[in-house]
1. For the chain, what is the calculated [θ] at 222 nm in deg cm²/dmol (nearest 500), taking -39500 (n - 2.57) for each run of four or more DSSP H residues and dividing by its residue count?
2. Neighbour counts of other C-beta atoms within 10 Å: give me Glu158, Glu193 arranged from fewest to most.
3. Give the cross-link partners of Lys141 among the aspartates and glutamates, using a straight C-alpha distance below 16 Å as the criterion and excluding same-chain residues fewer than 8 apart.
4. Lys and Arg at +1, Asp and Glu at -1: add these up for the other residues within a Cβ distance under 13 Å of Val229 and post the number.
5. Among His287, His200, His110, which one shows the biggest mean-square fluctuation in a GNM of the chain, springs joining Cα atoms closer than 10 Å?
6. Please identify the trypsin sites (Lys or Arg not before Pro) of segment 146-242 that satisfy two criteria: DSSP loop assignment and at most 16 other Cβ atoms within 10 Å. Which are they?
7. Any idea what angle helix 154-169 forms with the longest principal axis of the chain, computed on alpha-carbon atoms, 0 to 90 degrees, nearest 10?
8. What spacing in nm lies between the two simple spin-label points modelled at Asp207 and Lys73, each 7 Å away from Cα in the Cβ direction?
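We did not get these values from a lab; they are worked out from the coordinates using the rules stated. Because the structure is predicted, anything quoted here is derived from the model rather than measured. Here the Cβ is made from the backbone with ideal geometry for all residues, glycine too, and neighbour counts use every protein chain on show.
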Amino acid sequence: MSLAAWRSIRGTSALLAGMYTDDYFVFGSRSYVRQAMHDFTVDAESRLGVNAVKTEKTLCRKEIDIIGYANDKSKAHTIGLSQPLFLKMVCAVYVMVSMDIKPGDVIPVHTLQSLASRAIRSADVVSVMGPFSRGFSSCLKGVPLTATSTKLSERAYEDLWMWRVILQLGFHNRSWLVLPIRIPLLLRYQPGEDAVQRMHRQAVLADDVVFVDACTQHGNGMGFYIPGVGWNSFNAPDLLQYVGYDGNVADTDINLLEFVAAIMALCAVIALWLRKRKEGDAHRHIHIWTDNTSCLSWMLTHRAHHPIHLYLLQVVAFLKVTYNVTVTAGHVPGEVNVFADAASRNFLLENGKGPELRRELNLLPRVPWPTGLMTAINAVAMRRCSTTSTRVRDALTALVGVRGWCTPV
C-alpha cells in the first residue's frame, strides 16, 4: 500500500488509493485505474507469490460499493450509505436493542460495540448524525476488559432515539443518505487549518450565506440578513422563560434567543431554495454567521443539556434530513454583523445609523419566516418533565408545521 500511495502522489499530487483490511481501492480515469491495479498486483505477487490478488473479485466501474459506502461517479460524484450498511444500522437500532430500553438499563458490551462502530462509520457520510454517534462508545469508557455488560447512558439513549427516528424518516425518502463527495471533505479540517480558517472556507463554498442576531430588548428582537437576497426583523415576546430537566424555571437569555433566530433564518433560506429549486438540485449547503459563541457551539456540536436546547437541536437535525441540506456555522464579530444586528433591534441603534441601514435593507425583499415554529417553541419551553423520546416527538410535530409552511404552492 505504501508503494501504491507513493505512485499516486508522484503521478497526481493526491492520494487516490487506499486500503481497508485486505481490500485495495483506487479512484481515477479508467486508464489510470487499470495501471494502478496492474502495479499493485505486480507488487503483491513479487512479495506473496502468484495469485496474491484475486482478479475475479476485482470491480471496476463508475458506481461501486466500498467498505459500506456507495460511490457514484456516473454523474456528479456522490457518496452515501450502501444498502448493506443501511440495513445493518436499521437492525442495530431496532432489533439488537429493545424498543423499551431506558437510561441505566444494562446492555451487553458487544451490542454497544456494534452500535458504536456502525453509527460512527455511517456518520462519516451521513454528517447530520455525527453528533449523535459517539454516545454508544462513551458508555464503554472505564469498563473493565472482562466485563460483558454495562449501563446505557443518557447520552447513548438520546443517540439511539435520534437514529431510530432518522432512519424511519429515510424509509420513503433516502435522498439525504447521498451527498456530493465534497461535503464530507468540506466538514474536515485541511492540513494546518484552524477553526477560523475552516469557517471562512466553508462560507466561501456555501450555496447560501446568512447572518443572524438577537437581543433581549424590543420584545426579544431577532433579525437575519441574506446578502443580495433579503432580510427580516421580528421578535419573540412570549419566549420569556423555559423549564429545565430539574423542573426549575429559568429566564430566557440571549444565547437561547440567538439560537432561535438562527433556526428561523435557516427555515427562511430553505423555503427560498425550494421555491427556485431546479430538477436535479437535490442538495444545498447553507452557512450561518452568528456573533454568539454559545449559539455557534450548539450549531457545531449538536450537544446540549437543557430540554429546550435539545429540542431545537433535534429540529435542526430533522430539517437537514428532510430537505437534504448541509449546515455550517461560523463566528462573526458583532461590529461586522451590522445588518442582522440592526434588524434585531428594530433599527433603533445608539449610534444613530439605524435609519441608514434600514434604507439599505429596504432595497431587498423581506423574507418570510415560520411563525408557527415560534409558537411550537414557546409551548415546548414551558413543558415540564419531558423525556428524550417526548422531545423527539415534539420536534417531529414542529417539523410537520415547517414542512407545510416551506412547501411551494
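1. -14500 deg cm²/dmol
2. With the sparsest Cβ surroundings first, the list reads Glu193, Glu158.
3. Of all the aspartates and glutamates, those that pass the test against Lys141 - Cα under 16 Å, at least 8 places apart if same chain - are Glu154.
4. Net charge around Val229: +1.
5. Of the options given, His110 has the highest mean-square fluctuation.
6. Taking segment 146-242 and a limit of 16 other Cβ atoms within 10 Å, the loop trypsin sites (Lys or Arg not before Pro) found are Arg174, Arg188.
7. 80 degrees
8. 2.4 nm
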